[in-house]
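What follows is a set of notes on a single structure, which appears directly below.
The values are calculated or read from the model by the stated rules, or taken from the named source; none is laboratory data. Fair warning: this is a prediction, and the values are worked out from it, not measured in the lab. As a convention, Cβ positions derive from the backbone with ideal geometry for all residues, glycine included, and neighbour counts pool all protein chains shown.
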């Protein structure tokens, strides 16, 4: 939630010794920057029912009066249910009734919503840190965006933007991306150096791709004990190794590679290999 720009606070301990989580939603400037506060209720039922999971029911969140009283107690504006599965249909109706009759805002972030939030430039680092097995999985996870030809893809621990020409076939594109990622993995790099994909534009009608990669190398601030570290390749050399401007791969497409060299300090607290700023200026993708 912090990565999405929300302000998060904990309440004081209640009679049962627990604490409540509060989210402050910044307002829109055109409407006077009025803020709203949400009381958050988190329910993890994905491993219930012998690992099969189940929906969050009304019994899980308590009575209607309890929800309204808790919101009023914290002087909040709304109630946000965050769950790893989904709210049951009866619970959704209850929350809608609370909003209509009690004038308390209600909203649900279900498992699908959370997965989409994590599969963004701002959320991907969180997924890698707290769910490394899922984030590093080789299998593809592809998420649609609000625009019909733009997707978000996650595979091999990488996150990338993908844009298709209208009418392109997504499975065709995925096999092509895998072949290029295999080629990248075959480039010999020293420890602390890596090449990460950021985006790809696919135009199968005219038979070409435009790829965006970052060559990241660890070069901490020099001191009297260490020497200045330089990248092993130039951007042009990496592009040539991958077959820039040629038909190199089995799908017969022409590839154009755009590689950026980025010097980083991995020991810095602010370092993030998939920081959202790395996804700026992907001209054809954006």
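Some values worked out for this structure:
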read-out: Enumeration of residues in region 74-104 that are free of Cβ contacts under 8 Å to residues at least 24 places away in the same chain, under 21 Å from residue 34 (Cβ atoms) and surrounded by 12 or more Cβ atoms within 10 Å (Cβ to Cβ); value: 99
read-out: Those residues of region 224-282 which are surrounded by 11 or more Cβ atoms within 10 Å (Cβ to Cβ) and in a helix (DSSP H, G or I), in sequence order; value: 235, 236, 237, 238, 239, 240, 241, 242, 276, 278, 279
read-out: Cβ-Cβ under 9 Å pairs, at least 6 apart or on other chains, region 50-61 side outside any loop (DSSP other than H, G, I, E, B), far side surrounded by fewer than 14 Cβ atoms within 10 Å (Cβ to Cβ) and modelled with pLDDT of 90 or more; value: 58/90
read-out: All positions within region 178-196 that are in contact with a strand residue (DSSP E or B) (Cβ under 6 Å, 6 or more places away or on another chain) and surrounded by 14 or more Cβ atoms within 10 Å (Cβ to Cβ); value: 184, 193, 194, 195, 196
read-out: Residue among 278, 217, 271 that is farther than 26 Å from residue 4 by Cβ and either in contact (Cβ under 8 Å) with a residue 24 or more places away in the chain or assigned by TED's automatic domain parsing to the domain that holds residue 139 (or both); value: 217
read-out: Residue 66 vs. criteria surrounded by 12 or more Cβ atoms within 10 Å (Cβ to Cβ) and at pLDDT below 90; value: no
read-out: Test for residue 199: is it under 30 Å from residue 267 (Cβ atoms) and in contact with a strand residue (DSSP E or B) (Cβ under 7 Å, 6 or more places away or on another chain); value: yes
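Residue by residue, here is whether (1) in contact with a helix residue (DSSP H, G or I) (Cβ under 8 Å, 6 or more places away or on another chain); (2) at pLDDT 90 or above; (3) surrounded by 12 or more Cβ atoms within 10 Å (Cβ to Cβ) holds:
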| position | (1), (2), (3) |
| --- | --- |
| 173 | no, no, yes |
| 203 | no, no, yes |
| 216 | no, yes, yes |
| 221 | no, no, no |
